[in-house]
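Reviewing the structure listed below.
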Amino acid sequence: MSWLRSLLERKSGPARTGPLDVRHARQVAALHHQGGFARLWEPGECAALLADRAVVTEGVFIGADREPCGFVMSRLAADEAEVLSIVVAGGRRRSGLGQTLLRAHIAQLAARGTARLFLEVEEGNAPAIALYRRLGFETVGRREGYYPKPDGGRAAALVMRRDLG
Ligand SMILES: CC(C)(COP(=O)(O)OP(=O)(O)OC[C@H]1O[C@@H](n2cnc3c(N)ncnc32)[C@H](O)[C@@H]1OP(=O)(O)O)[C@@H](O)C(=O)NCCC(=O)NCCS
């Protein structure tokens with residue numbers, strides 16, 4: 001939504017992206033907790049991921065803020081990568097930050113020689129699926145009963161792929 005994006009930029013300055021490191025572990029865990037996921041990442045787990053050389057992470061920051069208001073993380077394996085998680089803070093959604101974050105991440109992965117980026121997304125997660133489609137991901141598979149739901153049921157995952165070459 002461009003009007004929300006310009007309002008945000010007028011109030012706080014443009015969004016910028018940058019790498020995250022272990023010092024951001026608590027902030028990444030707090031953002032992950034806002035993602036609505038059944039299994040939450042704790043700060044220790046986030047620190048381990050942020051320290052892992054096979055994991056590429058970007059944060060998105062508003063203006064001069066030092067705390068990220070969103071992050072994306074992918075694990076590299078040979079010339080492929082898989083998105084582990086992407087979250088934008090609850091109060092900051094639908095203002096273009098997810099798109100900014102994922103575009104920067106894709107550029108970073110492509111610069112490292114990654115040829116294909118995969119991800120799994122719950123098939124009912126319309127905002128995330130819309131973001132991925134907009135950035136050129138295509139559905140290449142479906143995993144039945146992949147995600148546990150808070151009500152004890154299970155939801156299917158879509159497997160999506162984007163070629164980076
Ligand atoms: C998915 C998520 C990261 C998107 O971040 P965001 O900053 O809100 O996304 P953007 O504002 O950049 O939106 C980019 C595009 O995605 C689509 N989109 C985003 N949110 C949407 C929504 N609620 N409904 C429909 N489309 C949506 C739109 O096409 C949008 O472009 P537009 O605003 O110009 O129409 C965010 O909703 C989030 O953190 N969700 C919780 C965690 C999660 O589900 N992560 C994905 C796990 S697989």
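Return the pair list, or none, for Cβ contacts closer than 8 Å from residues in region 145-161 that are without any contact (Cβ under 8 Å) to a residue 12 or more places away in the chain to residues that are among the basic types (Lys, Arg) and surrounded by fewer than 17 Cβ atoms within 10 Å (Cβ to Cβ), at least 6 apart or on different chains. Close Cβ pairs satisfying both conditions: Gly145/Arg154. Only residues that are in a strand (DSSP E or B) and out of contact with any Gly (no Cβ under 6 Å at 6 or more places or on another chain) were counted across region 65-84, and they come to 12. Among the residues making up region 94-125, those that are part of a loop (DSSP other than H, G, I, E, B) and either more than 6 Å from the ligand (Cβ to nearest atom) or free of Cβ contacts under 8 Å to residues at least 60 places away in the same chain (or both) are Arg112, Gly113, Thr114, Ala115, Glu123, Gly124, Asn125.
Here is the figure for region 121-138: residues that are acidic (Asp, Glu) and either crowded, with 18+ Cβ neighbours inside 10 Å or touching a His at 6+ places or on another chain (Cβ under 7 Å) (or both) total 1.
In this structure, Gly91 qualifies as within 15 Å of the ligand (Cβ to nearest atom), out of contact with any Asp or Glu (no Cβ under 8 Å at 6 or more places or on another chain) and either at pLDDT below 95 or not in a loop (DSSP other than H, G, I, E, B) (or both). Report whether or not Ala128 is closer than 25 Å to Arg154 by Cβ, assigned to a helix (DSSP H, G or I) and either of a type in the set (A, V, I, L, M, F, W, C) or more than 8 Å from the ligand (Cβ to nearest atom) (or both). Yes: the conditions hold for Ala128. Out of all the residues in region 130-141, is one or more small (Gly, Ala, Ser), under 26 Å from Arg39 (Cβ atoms) and touching a Phe, Trp or Tyr at 6+ places or on another chain (Cβ under 6 Å)? No - not one qualifying residue is present in region 130-141. Taking the listed residues Arg94, Arg66, Arg103, Arg39, the one that is within 11 Å of the chain's Cα centre (by Cα) and of a type in the set (D, E, K, R) is Arg103, with no other qualifying. Within the option set Val72, Val60, Val56, being surrounded by 16 or more Cβ atoms within 10 Å (Cβ to Cβ) and in contact with a Cys (Cβ under 7 Å, 6 or more places away or on another chain) holds for one residue only, Val60. Contact map, region 70-92: first residue in contact (Cβ under 8 Å) with a residue 60 or more places away in the chain and under 10 Å from Thr57 (Cα atoms), second residue part of a strand (DSSP E or B) and more than 11 Å from the ligand (Cβ to nearest atom), Cβ cut-off under 8 Å, separation 6 or more or different chains; the map is empty.
The values are calculated or read from the model by the stated rules, or taken from the named source; none is laboratory data. Computed from a prediction, not measured in an experiment: that's the story for all the values here. In this analysis, Cβ positions are derived from the backbone assuming ideal geometry, glycine residues included, and neighbour counts consider all displayed protein chains.
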